[in-house]
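The values are calculated or read from the model by the stated rules, or taken from the named source; none is laboratory data. Remember, predicted model here, so these are calculated numbers, not experimental data. Cβ placement follows ideal geometry from the backbone for every residue including glycine, while neighbour counts extend to all protein chains displayed. Areas reflect the complete protein model, heavy atoms only, side chains present, ligands, DNA and RNA absent. Shrake-Rupley method; radii C 1.70, N 1.55, O 1.52, S 1.80 Å.
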Amino acid sequence: MPMSEVAGRLAVQVGAHFLEKPQGGSGVLLGGVPGVEAAHVVILGGGTVGTESIKMAVGAGARVTVITAQLNV
């Protein structure tokens, strides 16, 4: 579980890094700036990793959508 928490937090940092222009990204800031819309982050899965990613993305000011499956087994 602790490593999953770390992975979830790092996922948002790594994603933000690759949004930077020098990294070949579109130059979008997660939180946006006045007059510019914030980034839209899509998180796949709502488990431990997903939950930590949600916290980080929301904390950065991004618009967040979570896609998770409910299994009926």
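Residue by residue through the stretch 31-58, note down the ones that are more than 10 Å from the chain's Cα centre (by Cα) and closer than 15 Å to GLN13 by Cβ. Correct list: GLY31, VAL49.
Scanning the stretch 15-25 for residues that are over 16 Å from ILE67 (Cβ atoms), part of a helix (DSSP H, G or I) and small (Gly, Ala, Ser) returns a single hit, ALA16. Just one of the listed residues (VAL12, VAL28) is outside any helix (DSSP H, G or I), of a type in the set (Val, Ile, Thr) and surrounded by 11 or more Cβ atoms within 10 Å (Cβ to Cβ), namely VAL28. For the stretch 7-30, the set of residues classified as more than 11 Å from the chain's Cα centre (by Cα), touching a residue at least 12 places away in the same chain (Cβ under 8 Å) and farther than 16 Å from ARG63 by Cα consists of ALA7 only.
Those residues that are at pLDDT 95 or above, hydroxyl-bearing (Ser, Thr, Tyr) and farther than 18 Å from SER4 by Cα, I need them from the stretch 20-68; list them, please. Of everything in the stretch 20-68, just one residue is at pLDDT 95 or above, hydroxyl-bearing (Ser, Thr, Tyr) and farther than 18 Å from SER4 by Cα, namely THR65.
When the stretch 33-51 is filtered for residues that are more than 14 Å from VAL66 (Cα to Cα), open to solvent by 40 Å² or more (accessible area, probe 1.4 Å) and part of a loop (DSSP other than H, G, I, E, B), the ones remaining, listed by number, are PRO34, GLY35, GLU37.
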